[in-house]
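The values are calculated or read from the model by the stated rules, or taken from the named source; none is laboratory data. As the structure is a prediction and not an experimental result, all values here were calculated from the model. Note that each Cβ is placed from the backbone with ideal geometry, even for glycine, and that neighbours are counted across all protein chains shown. Surface areas here come from the heavy atoms of the whole protein model, side chains and all, with no ligands, DNA or RNA. Shrake-Rupley method; radii C 1.70, N 1.55, O 1.52, S 1.80 Å.
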Amino acid sequence: MKSKKLLSLIVACTMALSMASCGSSSSDGDSSSSGSSNASQNKTEAPKLDGYELLWSDEFDGDKLNEDIWSYDPHEPGWTNNELQEYTTSTDNVFVKDGKVILKAIKSQKDGKDYYTSGKIKSQNKKDFTYGKVSISAKVPFGKGLWPALWMMPTDEQHYGQWPKCGEIDIMEVLGNDVSTAYGTVHYGEPHSEQQQTYKLIESDFEKEFHEFSVEWEPGEIRWYIDGHEYLKVNDWFTAVEGEDDKPYPAPFDQPFFVQMNLAVGGDWPGNPDADTNFDKAEFEIDYVRVYQKPNYDKNVKKPEVTMRQALEDGNYIYNGSFAEAEDLTDDKNWKFLLFNGGEGAAKIENNEIVINSSKEGTEEYSVQLVQPELPMIKGKKYRATFEAYADEPRDMIVCVSAPTAGWVRYLKDTKLKLTKEKQKFTYEFDMTAKTDPNGRLEFNMGKCGSTATIHISNVRVEEIK
C-alpha cells in the first residue's frame, strides 16, 4: 500500500464460487470476536482451524466499531502515494452495519474543488502478533480511482528502519477499475524490493460477492490465498541499510505486525476518479477479520540458496527465443503474454515467431505485454539483448529489462523503438551495476502507443558479453 507498480503475473481461475466458504456462521459466545462495547445477542463464532488456535477475531456483530481491537487512523490528503482522500474519525466514513464494517469514500466540495474523505482502521498496539494466519472476508467497490486494501505493517516501523526496510505484507489490494483482479504483495529491503502476484476471476469479480483473503505468515515463508487457493509463496526476502550487510534472516518479517484496512481514493497506482465513479456505492465491506496462530513455530530457518538460470549451450539466457516451440503463453514457464488496464488482444507462436494481435491498446504501456522472467542479472557483467521484429503497419513498441522483485528498476532502460513493415534486427547493450538479481525480466510493452497493429517478434537473445 505504500508504493506500488504492477507486476504482470496473473493466476487465472474459473470456478463457481460458493460464499458459504467465506461467510460467517452464528452461534453463542466468543469473547474474542468483539469487545463488550460491541456486544450483541447472537455473536458469530470464528471457526476452528486444524493446527491453529484462534488468537483474536472481529465478526462485526455489534452496532459500532470495537475500539478494543481497532483504532481510527486519520491522515491528511496526500499522506502517501499522492492519494486524494482525508482519512477521518467520522462514522460517516467508518461504521458497522448488518454484521460488517464499512469503509466509505465520500466526495464533497471544499474551497470550490472536489474533496474526498474515507476510512482507515488499524489494530496497532491493540492486537499485534508475530506469525500466524490472517483471514479476512471482504467485498470491494467498483469505480476508477478507488483502491481498497488489507495489509500489515510492523508495530515498530523503526526496528529495522523506515519503510521499506521495515517490511510490509499486503494481504489484498484491488483497483476499482478492474475488480476482477486482486494483488498480493510483500515489500522489503533497501534498495526497495517487492514480490507480487495477481489472482484473476474469470466468471465473477470481487465486487459482486464476498471472498476470503488470507496470508499464512511463518518464519521463513509467507503464503497468500484467495478462497483457499494459494497463488503466491515467498521465502527469499532480505533487509539492509544500503551499502551494509543484510540483517540476519528472516528479518524484517520476524517482529510484531498489525492489521490495517482502508479505502484510498486516487494516487499514483489507480489514478484519480472520473465522472463515472459512483461515490454513492464507494463502500469497502469487511465481514470478518480472524487471526490464528500455531502453538509453536520453528524459528531456526535459513534463507534459501539463490539459484540462477543457466544459459543455453549457445549462451542465450532466453528460453525458446527462436519460438520453435508453440508453448503455453499463460503459464509461468518461459514466455508469458499479459493484458492489463483495458488492453485486449491475443498472442500465438507460429512459423518461428510470436504474433501479437491487439484490439485495444489500454491505458498503460504494459497493458499489452510479452515477458520472459528469471533472467540472471549479475553485478559487474555486461549484457546484449537482440531480437527481430516488424509490424503489419508502422508503430511503436517499448523494450526493457526490468527488476520486478527489486523495486522495478531498469537494467536496460525503457527504450521506444519504431517498427516498420519490414523485419528489422534490434540490438541493445547494457551494464549491470546494481545488486545481483536472479529475477531480471525481458519485457516487450505494446500498450498505449497509438496503434493496435499486429506485431511479429523472432530470434530473441539476452547474453553476457563481458
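Placing +1 on the Cβ of every Lys and Arg and -1 on the Cβ of every Asp and Glu, with nothing else charged, gives the range 397-466 a dipole about its Cα centre of roughly 280 debye.
Shown in residue order for the range 88-102 are the 3J(HN,Hα) couplings computed by the Karplus curve 6.51 cos²θ - 1.76 cosθ + 1.60 at θ = phi - 60°: 10, 9, 6, 6, 6, 9, 9, 8, 9, 8, 6, x, 9, 9, 10 Hz (x for Gly and Pro). Qualifying trypsin sites (Lys or Arg not before Pro) in the range 164-216, where qualification requires a DSSP coil assignment and no more than 15 other C-beta atoms within 10 Å, comprise Lys208. Summarising the amide proton neighbourhood of Leu146: residues at separation of 5 or more, or on other chains, whose placed amide H is nearer than 5 Å comprise Gly176, Asn177, Gly266. First check a/c for the range 195-308, with a ≥ b ≥ c the square roots of the eigenvalues of its C-alpha gyration tensor; if it is under 1.5, answer rounded, and if not, answer prolate when a/b is larger than b/c or oblate otherwise. Here the range 195-308 falls in the prolate category. Using the 1.4 Å probe convention, the accessible area of the range 128-260 works out to 29 Å² per residue with neighbouring protein chains retained. In terms of the mean number of neighbouring beta-carbon atoms within 10 Å, the peptides 452-463, 294-305 order highest first as 452-463, 294-305.
Ligands, DNA and RNA left out, the accessible area of the range 91-137 computed with a 1.4 Å probe is 42% carbon and sulfur. Each part reduced to its alpha carbon centroid, the range 119-152 and the range 365-386 end up 34 Å apart.
In the full protein context, the range 302-361 carries 58 Å² of accessible surface per residue, based on a 1.4 Å probe and ignoring ligands, DNA and RNA. Note on Glu242: accessible area approximately 120 square angstrom, rounded to 10, probe 1.4 Å, nucleic acids and ligands left out. Using +1 at the C-beta of Lys and Arg and -1 at the C-beta of Asp and Glu, which of Gly51, Gln424, Val409 has the Cα lying farthest in the positive direction of the dipole of the chain? Sorting the options by dipole projection puts first Gln424. Solvent-accessible area of the range 179-257 (1.4 angstrom probe, protein heavy atoms only): carbon and sulfur portion equals 41 percent. Here Lys126 is the anchor, and the aspartates and glutamates within straight C-alpha reach of less than 15 Å, apart from those fewer than 8 places off in the same chain, are Asp58, Glu67, Asp68, Asp73, Asp156. Per-atom-type breakdown for the range 265-418 gives carbon and sulfur 44% of the accessible area (1.4 Å probe, protein chains only). What is the sum of charges around Pro273, taking Lys and Arg as +1, Asp and Glu as -1, for the other residues whose C-beta is under 9 Å from the C-beta of Pro273? Net local charge, Pro273 excluded: -1. Pairs spanning more than 30 Å between alpha-carbon atoms, out of Lys413/Lys466; Lys165/Lys302; Lys200/Lys247; Lys133/Lys379: Lys200/Lys247; Lys133/Lys379. What does the C-alpha gyration tensor say about the overall shape of the range 252-407? Classify as rounded when a/c is under 1.5, otherwise prolate if a/b is larger than b/c, or oblate. Note, shape of the range 252-407 comes out oblate.
To the nearest Å, what is the center-to-center distance of the range 437-466 and the range 72-118, using C-alpha atoms only? Value for the Cα centre distance between the two parts: 41 Å.
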